[in-house]
Structure formats: structure tokens, C-alpha cells
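This report refers to the structure that appears directly beneath it.
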Amino acid sequence: MTAPTTARLIDGNALAKKTRAEVARRVARLAEHGHRPGLAVILVGHNPASQVYVKHKVADCESVGMHSVLDRHPETLPEAELLARIRALNADPDIHGILVQLPLPRHIDANKVIETISPAKDVDGFHVASAGALMIGRPGFKACTPYGCMKMLESIGCDPKGKHAVVIGRSNIVGKPMAMMLLQASATVTVCHSATPDLAHHTKQADIVVVAVGKRNVLTADMVKPGAVIIDVGMNRDDHGKLCGDVDFAGVSVVAGAITPVPGGVGPMTRAMLLVNTIEAAEHALAIPNA
Ligand code: GUN
């Protein structure tokens, strides 16, 4: 009997650390010109997960020498006031990136909010102008999670060109932009979702599988082609309260060629890519390109 192969682990923490170091270098370069990149993070309400996320985002800015503003508002904030605050930040020369943490309270139209952010400061990449630019292969801010996934593929020398990539999930934040980025990188892309009748039929043919559903054990070992690269975007809790992804890691890691762990995979890279987008926004606004 041959020993089971164990997939290569794609270390998101290590790659995020490297990415942050490179951002810190670019921040220091802007400082030599007398500038400091600034990110505004807007939080409306008291969603516990959102509170943790925004705290991390602010701490990440600090860790690379960026300026950040955490703009907290009560759950009852009128939509018009939020839009007015965004317009003020659009005009603020010390702020290069604006992020409105989602979800927003029900009385606020998230699309309207996102579209009020200047595309030049849309470091989340959620604006319809950013999504459209990605769709037609023009420069623009890329959504941080799929952008981080692309960097993880690159880090292991996995070029999507000519490969068959299957994306599970079709959200505007992950699934759709992920599919577009893989297509842009010349992969053949299949997008699967909740109405896909035979998910395994598709995943078994995939060289790359990106799972972004938000449910445990969506991808199991019997659904994976040996040697495939598996990117797990999920963030769930198992029966013991332990963090886990959408992929049955124990089973799939024996079949796959490479796999991202949860935690320590996509999550840290999502955070790092927000810093990359923010430094890019600042360099562009200040007309001091990266060198
Ligand atoms: N809520 C969950 N993920 C995100 C994200 O990446 N950006 C924003 N703005 N809100 C989120």
C-alpha cells in the first residue's frame, strides 16, 4: 500500500506577512515625499462580526504605517447622513480609500452606499465601476478576497492559464469577481451555485477549485481530482466551535495537490489585499507610482 499523499499547504499567514512588508515599504516611500496613505472604515450598527473585522482593518493599517479613521455610527443612522459622510470623505485629500463595512442595517440601501463611494477610493472593489472594469479587463480595484486568492495561486506557481477552474458560489463579493479574475488569467471557468444539480460532476474535472459558499463540507475528497489546487474561502464553526472552512480539509488534503487551511489561509490574504488596494489608491492620487 502506498502512503497517502498530503497536499501542499498554502500558507496565507506567511504570504500576508510578505505582502504587508511590501506595502510598508511603499508607505515609507510615500513618507519620503511627505505623504501618508489614509483609509476610512465606516461601521454602522453593532454587528459583532463586523466590529471584529473593522478592528482588524484599522490595526492592519497601523502595522504598515498607514493612517486610518474608524467612523462608527448608530444602527439608526439615516441613509442620507451616511451618503453625506461618504461624500465628505470622497473630497478629503488625506483619505485615499473608503470602506463601508457590510452588512448595513435594513433601512439603508447598500448599493446606493457603495455607488456613492468615489471609484478612485473604492478599495473594496465593490463599486459597479470596479466590477465593470474587471469584467472588461480594464484597470480598477479588485475585490480583496478573490484578489488574495489569485495571489495565493501565484505563490505556489499555479498559473490558471489553460486550466479548468471551478468556482462554487456566485456572490458579488467573492464568486463572481473570482470567476472574472480566473477568466482574465485565461482559465476555463465554471461557476457552480445552489441550483447546480451535480456539483461533483464539475469539481471532479477541475484543476483549481475555489469554494465560497459559507457551509461546511461542501467539498469532500470524492469530489476532487487528484493533484487539484483547492482554495477555501469559507469561515464556519464546527460542532466543537472550532473555525473551519467549506472544505472537508482532512479528507480533501489527502487527494489535493495544494490546499489553503482555515484559519490561516484566505482570511489573512483578504486583509492584506485591502492594504495593497489602499497603497495603490494613494500612489495613484498622489501621482507617485510604485517603484
Ligand atoms: N463584510 C464581509 N466582508 C466584507 C468585505 O470584504 N468588505 C466590506 N466592506 N464588508 C464586508
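Read the figures in this text as sums done on the coordinates, not as results from a lab. Keep in mind that what you see is a predicted model, and the values were worked out from it rather than measured. Here the Cβ is made from the backbone with ideal geometry for all residues, glycine too, and neighbour counts use every protein chain on show.
Numbers below:
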| item | result |
| --- | --- |
| Most mobile of 78, 197, 93 in a GNM of the chain (Cα contacts under 10 Å) | 197 |
| The range 59-164, relative contact order in percent, only Cα pairs under 8 angstrom and at least six apart counted | 17 |
| Distance (nanometres) between label positions extended 7 Å along Cα→Cβ at residue 250 and residue 138 | 5.0 |
| Footprinting exposure proxy for 61, 149 (fewest neighbouring C-beta atoms within 10 Å first) | 61, 149 |
| The chain pair-distance distribution - Cα-Cα, 10 Å bins, rounded % | 6, 27, 34, 23, 8, 1, 0 |
| Backbone HN-Hα couplings from phi across the range 249-255 [Karplus 6.51/-1.76/1.60, Hz, Gly and Pro as x] | 4, 4, x, 5, 5, 7, 9 |
| Where N is the number of residues in the range 22-72, Cα Rg divided by 2.2 N^0.38 Å | 1.29 |
| Among 179, 156, 191 the positive-end extreme of the charge dipole of the chain (Cβ point charges) | 156 |
| Sorted by Cβ neighbour density within 10 Å, fewest at the top, the residues 66, 235 | 235, 66 |
| Amide H contacts of residue 8 (H built 1.01 Å from N, under 5 Å, at least 5 apart or other chain) | 258, 259 |
| Violating pairs (Cα-Cα greater than 18 angstrom) within the set 18/121; 161/215; 163/204; 18/151; 17/57 | 18/121; 161/215 |
| Per-residue ³J(HN,Hα) for the range 40-56, Karplus 6.51 cos²θ - 1.76 cosθ + 1.60, θ = phi - 60°, Hz, x for Gly and Pro | 9, 10, 9, 10, 10, x, 10, 3, x, 5, 4, 4, 5, 4, 5, 4, 4 |
| Unit charges on C-beta of K, R, D, E only; dipole of the range 135-210, Debye | 200 |
| Dipole of the chain, positive direction: furthest Cα of 38, 116, 100, with charges on the beta-carbon | 38 |
| Ranked list, fewest to most other Cβ atoms within 10 Å of each Cβ, for 158, 192 | 158, 192 |
| GNM flexibility winner over the chain from 177, 226, 146 (Cα, springs under 10 Å) | 226 |
| Difference of contour (0.36 nm per residue) and Cα-Cα distance, residue 92 to residue 58 | 10.4 nm |
| Relative contact order (%) - the chain, alpha-carbon pairs under 8 angstrom, separation at least six | 22 |
| In sequence order, calculated HN-Hα J values of the range 22-35 (Karplus, 6.51, -1.76, 1.60; Hz; x Gly/Pro) | 5, 5, 4, 4, 5, 5, 4, 5, 5, 4, 4, 8, x, 10 |
| Rounded to the nearest 20 debye, dipole of the chain from Cβ charges on Lys, Arg, Asp, Glu | 300 |
| The chain: most fluctuating residue of 94, 71, 60 per GNM, C-alpha cutoff 10 Å | 71 |
| Crossing angle, helix 266-285 versus the chain [Cα axis fit, 0-90 degrees, rounded to tens] | 40 |
| Efficiency of FRET between residue 25 and residue 196 - r from beta-carbon atoms, R0 30 angstrom, step 0.05 | 0.10 |
| Interchain or long-range residues, amide H under 5 Å from residue 69's placed H | 39, 40, 41 |
| Other-chain or far-sequence residues with amide H under 5 Å of residue 188's (modelled H) | 162, 163, 164, 165 |
